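Nothing in this text is a laboratory measurement; each read-out follows from the coordinates by a stated rule. Model, not experiment: these values are computed from the prediction. Neighbour counts are summed over all protein chains in view; Cβ atoms, including those assigned to glycine, are modelled from backbone coordinates with ideal geometry.
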Amino acid sequence: MKRRQFFQSGAGLLGAIGLSQLSLQYRALNYGKVLAQNTPRKLALLIGINDYPLLDQLHGPVTDVELQKQLLIHRFKFNPKDVHTLTNQQATRQGILDAYHEYLLKQAKAGDVVVFHFSGHGAQVQEFERMQEFFKNLDRDCIDDNCQNSTIVPIDYAETGSNEVQDIMGHTLLLMRSALPTDNVTFVLDCCYSGGGKRGNVVMRSRVTDIELQTNKAPNIVANEWDYQQQWLSKLGWGPQDFINRIQSDEGKGIVVTSSKQNQQSADYPFDGFYAGAFTYLLTQHLWQETAPLSVSQTIPAVARNTTQLSQHSQIPEYDPENNEQVKQKPIYHFQPSTQSAEAVILETLANNNVKLWLGGLDPHSLAAFDQGAEFSLIDDQGNAIGQVKQASPRTGLTAEGKISGSNRSAANGRFLQERVRTLPNNFKLRVGLDDTLTAEEKQTAIASLQQNRFVEVSQLHSGATVDVLLGRFTLEIQQRLERAGVPNLPEVNSIGLLTATQEPILQGSFGSPTQSVSAAIKERLKPQLKSLLIGRMLALMVNQKASKLNIELSVDHNRSRSSTTTRGSDSTAIIVPTLTKRGVETIPEGHQVTISIRNKEIQDLHIGLLVVDADADVTVLFPPTSDDLSQGILKAGKSFELGPLRARDPYGLTQLLVIASTQSLRGALKTLSRISTQQRASNREINTNTAMQDLFSSLDTRRGSSNPNATRSDLSAVDVNQTAVLSLLYEVVPAQESPVSRP
C-alpha cells in the first residue's frame with residue numbers, strides 16, 4: 001500500500017467533529033505538595049444567566065451551573081448544603097454581591113476552599129472619571145492603559161433610561177476575592193469580553209450595547225460601582241499604588257480561570273441535545289475523568305486542546321496568575337478528586353431497581369453513542385465493579401434513567417458508573433446546517449441539492465439545533481475576524497464552502513470561485529468532502545481511550561521529544577505530555593522526523609490498526625500494510641510495534657492519529673477503511689456510506705449474533721470496553737522557522 005505523507009492538516013475533519021477525542025490525562029509529575037483532601041470546609045457559589053433582557057439570549061449558562069454543581073458534589077465531595085446557586089432572575093447585581101457576602105465571605109475560614117463560578121455575558125466598560133481624583137498623585141487617570149475594564153454582566157445590567165450599566169468589574173472581583181480569609185480560592189468565568197452576537201450556530205457570550213454601536217465606545221459604569229470598590233479598598237487598607245500593584249502583580253489570592261482571552265469570545269455551544277458553555281463542559285468532563293495530580297498550568301492547556309476544536313482561532317482559556325509557582329503546584333480546586341473517575345453518577349434511586357443518572361463524565365463527541373441501550377459498571381470506591389446499570393430511557397441532555405442488574409441490585413445515590421458498552425447507530429448521518437450567510441433562495445437550492453444524498457441530514461439553523469458542519473459563504477466579516485487572529489491562507493471572499501459551527505473554514509479545498517453557485521458547489525466539489533466528514537464523525541464516535549480496560553499505549557517520538565497516551569486499563573504514569581502551546585496542542589516543525597510506537601501491555605494477543613486523518617478528512621491505514629494478511633495485524637502480548645521514521649511536512653495544521661485495538665479480528669473494519677481511503681482519492685468512484693458504516697461498526701460489535709437476550713438491536717453495534725480500545729493523539733505541523741511559543 002502506498003502511504004500518503006504522514007503529517008497533514010486535519011483541521012477540517014476535527015472542526016466538523018467539533019471536538020477531538022483526545023486523552024486529556026497527563027503523567028503524574030511531582031508538582032510538590034498540594035493541600036490535604038480533608039479541608040475544613042468547601043464552599044461554592046455558582047451563577048448562570050440565560051434570560052437577559054434586550055440581549056442575545058443564551059442557552060447554556062444554567063446548564064453550566066448544573067455541570068459544576070454535580071462535579072463539585074460528587075467528584076470533589078462538596079457538601080450539597082455548601083453549594084449555592086443563582087440563576088436567571090436571582091442573579092441581579094445586588095443578588096450576586098449579597099450571595100457572595102452571605103455564602104462565601106461570612107462563612108469561609110482560613111484553609112477553606114472557595115469556588116466562584118459565573119456563566120453569562122461579559123463586557124467592557126469605561127473606567128470611572130471619579131478615579132482620576134483617586135490617582136491624582138500617581139500622574140495617571142485610570143488603571144488600564146485604554147481606561148477600560150472587563151466585567152461580568154448581571155441580569156439587571158441596564159437601568160431604564162440610563163446610558164450607564166451596572167456590571168461588576170474585574171477590578172471589583174479582585175477586591176472581593178482578596179477579602180476572603182483563605183488563599184484556596186478559585187474564580188471560573190465563562191463569559192467573553194469582546195464582540196458578541198450570533199455566529200453561525202453559536203451565540204457568543206458578550207454584550208454589545210446600543211451605546212457601543214452608536215459611539216464605538218464602551219459604556220460607562222454606574223457610580224455606585226466605584227463606591228463599592230472604595231469600601232473594599234478601605235477595608236483592605238489599600239491606597240492607589242497598592243491597588244495598581246495588586247492588579248499588575250503575578251502574586252495574588254487564589255486562581256482566576258477565564259474561558260477566553262480579554263479580546264476573545266466564548267461560545268455558548270449546541271452539543272448533542274443541549275447547550276452549555278464550551279469551556280465549562282470541557283473543563284467539567286475533563287475533571288470527571290482525571291485521576292493524576294494535575295496543576296492548573298497543566299489542566300487549562302489540556303482543556304484548551306478541545307476548545308481549539310470548537311472555536312479554532314478565537315477561544316483560548318487563560319489562568320491568572322500565570323507566572324506563579326502556585327499554579328504549577330495546585331490543582332484547579334486546590335485539592336485532588338477523592339474518588340474514581342467515571343462517566344456517570346446515580347442521582348436518585350427510583351422504584352423497581354431504576355435509577356436517575358447524570359452523564360456529565362461523557363466525552364461530548366461520544367454522546368450519540370449513549371442515546372439508547374448503553375451499559376455501565378457500578379463501581380465501589382476502589383474502582384471494583386459491584387453491579388451493572390443499563391440505560392433504560394433516551395438521554396435528555398445529560399440525564400437518563402437506568403436499570404440495575406446483576407447480583408448487587410442496591411445502589412446508593414452518588415455511586416459512580418464507568419462505561420462498559422456503548423451503542424453505535426448504524427444509520428448515522430452528517431448533520432449539515434445552512435448558515436445565514438446564504439440568501440433564502442440559496443438555502444432552498446441547497447436543501448434540494450443536499451437531500452439527494454441519503455447520508456446527509458439538512459437543518460435550518462434555530463435555537464437548539466445541533467449540526468456537524470455549516471454550508472455557507474466566506475464573508476468579509478469572517479475574513480477580517482480570522483485575519484485579526486493571524487489565520488493564513490483564507491478562501492476568497494463570497495466563495496461558498498464548509499464552515500464550523502462558529503463560522504471558520506473547515507476544509508480549505510471546500511471553497512471555490514466566488515462566482516460559483518450553491519448547486520454547482522455541492523455537485524462539483526462538496527459531495528465527496530461531506531462524505532469524508534461523515535467518516536470522520538464515525539471514527540470519532542468510536543474513540544474510547546478514557547474508558548477502555550484494554551492495556552494499550554500509543555507513543556510518538558520526534559526530535560528528542562516524546563509524547564504518549566494510554567487507556568483507563570493502563571497505568572496513567574506512563575502518559576507523557578510535552579510542553580503545549582496555549583491552544584493545548586503540541587507543535588511539530590516541518591521536516592522533523594516522527595516515529596510512532598504501539599505497545600500491547602495485555603497478556604493476550606490483540607488485533608491492531610493504525611490510522612491517520614489528513615487535511616482532506618481522508619483516512620489512511622498505516623498499519624497493517626494490507627488487510628488481506630491477518631497475521632500482519634496481530635500484535636503479540638507484551639510486544640511493541642514501531643513505524644517510522646516519517647517526516648513532517650506541509651500543508652500545515654492539525655493531524656490526528658488513531659489506534660484501534662481489539663480482541664477480535666479487525667479485517668472487516670480495516671478493509672472498509674482502506675476502501676474508503678482509496679475511493680476518496682479517486683473522485684470518479686462512489687462511496688456507499690451506509691455500507692461502509694455498517695462494515696466498520698459491525699467489525700467492532702462484540703454482541704452481534706449473540707444468544708444473550710440483552711444483545712443490542714440490529715440497527716445498533718455494541719462496543720465493549722473490555723474488548724475494544726480506540727486511542728487518539730493530536731498534533732499541529734508548523735513551518736520550520738516558526739517558534740511554537742509565538743502561536744496564539
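Got the relative contact order for segment 344-422 handy, in percent, Cα pairs under 8 Å and 6 or more residues apart? The partial results should precede the final answer.
On the way: 170 pairs, mean separation 30.1, N = 79.
Taking the mean separation of contacting Cα pairs over the length of segment 344-422, I get 38 percent.
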### Query
Residue by residue through segment 60-70, which ³J(HN,Hα) values in whole Hz follow from phi under the Karplus form 6.51 cos²θ - 1.76 cosθ + 1.60 (θ = phi - 60°), with glycine and proline marked x?
x, x, 5, 4, 4, 4, 5, 4, 5, 4, 5
### For Leu58, distant residues with modelled amide H under 5 Å away
Tyr52
### Phi to ³J(HN,Hα) by Karplus 6.51 cos²θ - 1.76 cosθ + 1.60 over segment 552-558, Hz, x for Gly, Pro
10, 10, 10, 10, 10, 10, 7
### Summary
Spelling it out for Ser495: with amide H atoms placed in the peptide plane at 1.01 Å from N, the residues 5 or more places away or on another chain with amide H under 5 Å from its amide H are Phe474
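So how do 166-174, 282-290 stack up, highest first, on mean other-Cβ count within 10 Å? Could you put the intermediate results ahead of the total?
On the way: 166-174: 21.6, 282-290: 24.4.
Packing order, densest peptide first, comes out as 282-290, 166-174.
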### Task
Starting at the first residue of segment 343-359, write each ³J(HN,Hα) from the Karplus equation 6.51 cos²θ - 1.76 cosθ + 1.60 with θ = phi - 60°, in whole Hz, x for Gly and Pro.
9, 8, 9, 7, 8, 7, 8, 10, 6, 6, 6, 8, 9, 9, 10, 10, 9
### Query
Leaving out same-chain residues fewer than 8 places away, which lysines sit with a Cα under 16 Å from that of Lys403?
Lys356, Lys390
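If you count, for each residue, the other Cβ atoms within 10 Å and average over each peptide, how do 359-370, 338-349, 228-239 line up from highest to lowest? Present the calculation step by step, with values, prior to reporting the outcome.
Numbers: 359-370: 23.3, 338-349: 19.6, 228-239: 13.8.
Packing proxy ranking, top to bottom: 359-370, 338-349, 228-239.
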### Query
Which value in nm describes the separation of the simple spin-label points at Gln604 and Glu322, placed 7 Å from the Cα toward the beta carbon?
4.9 nm
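Expected output is a single nm value to one decimal: the length gained when fully extending between Gln452 and Asn163, i.e. 0.36 nm times separation in residues minus the C-alpha distance. What is it? Could you put the intermediate results ahead of the total?
Working: separation 289, 0.36 × 289 = 104.04 nm, distance 5.28 nm.
Length gained between Gln452 and Asn163: 98.8 nm.
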### Query
Under 19 Å from the Cα of Lys523, which lysines turn up, not counting those fewer than eight places away in the same chain?
Lys429, Lys443, Lys531
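For the ranges 61-69, 665-673, 559-567, what's the packing order if you count other beta-carbon atoms within 10 Å of each residue, average per peptide, and put the highest first? Provide the component values of the computation, followed by the final result.
On the way: 61-69: 25.0, 665-673: 20.9, 559-567: 18.3.
Top of the packing list down: 61-69, 665-673, 559-567.
Quick one: length gained pulling Asn559 to Thr349 fully straight, 0.36 nm per residue minus the C-alpha distance?
Working: separation 210, 0.36 × 210 = 75.60 nm, distance 5.38 nm.
Full-extension gain reported as 70.2 nm.
Fewest Cβ neighbours within 10 Å first, please rank Asp605, Asp614, Asp227 accordingly. Walk me through the numbers on the way to the answer.
Working: Asp605 14, Asp614 25, Asp227 11.
The order, fewest Cβ neighbours first, is Asp227, Asp605, Asp614.
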### Query
When we measure straight from the Cα of Lys253, which lysines land under 22 angstrom away, once same-chain ones fewer than 8 places off are left out?
Lys33, Lys42, Lys106, Lys109, Lys235, Lys261, Lys328, Lys330
### Gyration tensor verdict on segment 344-422 (Cα atoms; rounded if a/c is under 1.5, prolate if a/b is larger than b/c, oblate otherwise)
prolate
